[in-house]
1. Give the stretch 275-291 a look and list any residue that's without any contact (Cβ under 8 Å) to a residue 60 or more places away in the chain and either surrounded by fewer than 18 Cβ atoms within 10 Å (Cβ to Cβ) or in a loop (DSSP other than H, G, I, E, B) (or both), or say none.
2. Report, by residue number, each residue of the stretch 190-205 that is of a type outside the set (Phe, Trp, Tyr) and within 13 Å of the ligand (Cβ to nearest atom).
3. Tell me, please, whether a residue that is surrounded by fewer than 24 Cβ atoms within 10 Å (Cβ to Cβ) and away from the ligand (no atom under 16 Å from the Cβ) can be found in the stretch 298-306.
4. Report yes if Leu81 is crowded, with 24+ Cβ neighbours inside 10 Å and free of Cβ contacts under 8 Å to residues at least 40 places away in the same chain, otherwise no.
5. Taking the condition of being among the β-branched types (Val, Ile, Thr), closer than 25 Å to Ile419 by Cα and surrounded by fewer than 22 Cβ atoms within 10 Å (Cβ to Cβ), how many residues in the stretch 28-78 meet it?
6. Is it fair to say Ala266 is of a type in the set (Gly, Ala, Ser) and either in a strand (DSSP E or B) or within 16 Å of the ligand (Cβ to nearest atom) (or both)?
7. Report, by residue number, each residue of the stretch 176-200 that is among the aromatic types (Phe, Trp, Tyr) and over 20 Å from the mean Cα position of the chain (by Cα).
8. Any residue in the stretch 365-383 that is in contact with a helix residue (DSSP H, G or I) (Cβ under 7 Å, 6 or more places away or on another chain) and within 12 Å of Gly200 (Cα to Cα)?
Amino acid sequence: RTRNGHEPEFIQAVQEVAETVIPYIVKNEIYNEKNILLRMVEPERLISFRVAWYDDQGKIHVNRGYRIQMNSAIGPYKGGLRFHPTVNASILKFLAFEQVFKNSLTTLPMGGGKGGSDFDPKGKSDDEVMRFCHAFMLELNRHIGPNTDVPAGDIGVGSREIGFLFGMYKKIRNEFTGVLTGKGRSWGGSLIRPEATGYGTVYFAQSMMQTKGMDFEGKNVTISGSGNVAQFAAEKALHLGAKVLTLSDSQGYIYDKDGVDEEKLAYVMDLKNNKRGRISEYADKYSSATFHKGGTPWDVKCDIALPCATQNELDGEHAKVLVKNGCICVAEGANMPSTPEAIHEFHEAKVLFAPGKASNAGGVATSGLEMSQNSLRISWTREEVDERLRKIMSDIHESCVAYGMEKDGYCNYVKGANIAGFVKVADAMLAQGVI
Ligand code: NDP
């Protein structure tokens, strides 16, 4: 805390892990003796660099770029790049720390990292985004590689940005390798990768519901966000027969009393991915929907809530309303969207609650599958990748239950995910000595 006192998000993420892992460490003295947790909270490497680029008017801008290489005990660093004005070292360190546990849970050999920039792609032309991405990769390329560190997308970094980043890496290094994931289908990308985080979140929630003999059929689902994760969480929930009532963006949320069906979802995908529009436009188009400026969708009555936008978007008060309205299950599609107060409310009320590091691990797991396909120079079918994704999500669920089941039959998925993720990385660190 003394060393990182100015990094609130990072402290929040570490505290959540420490609260559940320390009691476990106390019972397994070797982790304490070798100071494993203290070593895990210190990034192996933190890179910060200048990114200078020209806008369309010929004006020069300067942004800050980062890559946090958090832990490589079980594989090359792996984790997304985020382009958003709020990006800073604290946010990226929290994300990189969470990534270490998440990647460990996937059962695939991937260490943890995260990176990005305070660059805001909103309102920029394609050419400006390209020049920024090229300038960013001009520095980043020397720190990454298919066996060293394999970045991917995150908020503000989608297929367009990955394309520009990959193009520059290939030009500088004169090699075509799987150095980034989330690539286009025709140049090394994996089928199902765009869908994987959203689908995986719903698969995980499905496993949680099944422990109570329930499923998605006929359930009311509220979703926040309308980006990559939210779109495909909505799609899978629809496939499973649920009614999706809400979507949101940073300006507010829409509530559709008739539900967001396949056709309306296709409209949202086009609006957000191609036209880069606002979710408020949905309510202009569909009379069954209302737009709620500045709000979050958590006061809408639902059975299942899937927060898929950003960190700390669901607080203790929101959680109380969800509980009061009879919500049964909350699975995080975003990273750390629920505050500690919210998680406390869910646990008190025995609501099924999955932390992002477990429920949204499908994205990075499928990135791991993309890395395998790139190394083998083969391409699996949609069905093959989806089947592996389902199996991984079900295995993560089992690991959480193995470490998180309480005496009263309530599963504490936070504890389960933290301990299961910790053990694998900690054991690798023990084996590799003090480095
Ligand atoms: P996108 O950029 O595609 O979408 C982000 C969505 O969240 C947008 O609707 C955006 O609205 C909204 N949003 C962003 N910031 C805020 C805010 N401060 N308040 C309210 N809404 C906000 O990102 P992704 O869908 O890829 O990522 C969403 C979350 O999922 C993040 O936490 C990310 O770390 C996590 N995640 C993503 C993975 C992936 O594979 N993509 C993998 C694992 C986790 P607007 O358009 O107005 O900005």
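1. The answer is Lys275, Gly277, Arg278, Ile279, Ser280, Glu281, Asp284, Lys285, Tyr286, Ser287, Ser288, Thr290.
2. Those that are of a type outside the set (Phe, Trp, Tyr) and within 13 Å of the ligand (Cβ to nearest atom): Ser190, Ile192, Arg193, Pro194, Glu195, Ala196, Thr197, Gly198, Gly200, Thr201.
3. Within the stretch 298-306, the subset surrounded by fewer than 24 Cβ atoms within 10 Å (Cβ to Cβ) is 299-301, 303.
Next cut, away from the ligand (no atom under 16 Å from the Cβ) only: 301, 303.
Within the stretch 298-306 (the criterion being surrounded by fewer than 24 Cβ atoms within 10 Å (Cβ to Cβ) and away from the ligand (no atom under 16 Å from the Cβ)), the answer is yes, since at least one residue qualifies.
4. no
5. 4
6. Judged against the criteria, Ala266 is not a match.
7. Across the stretch 176-200, the qualifying residues are Phe176, Trp187.
8. Yes, that holds for at least one residue.
The values are calculated or read from the model by the stated rules, or taken from the named source; none is laboratory data. As the structure is a prediction and not an experimental result, all values here were calculated from the model. Ideal geometry is used to build each Cβ from the backbone, glycine not excepted, and the neighbour counts take in all protein chains shown.
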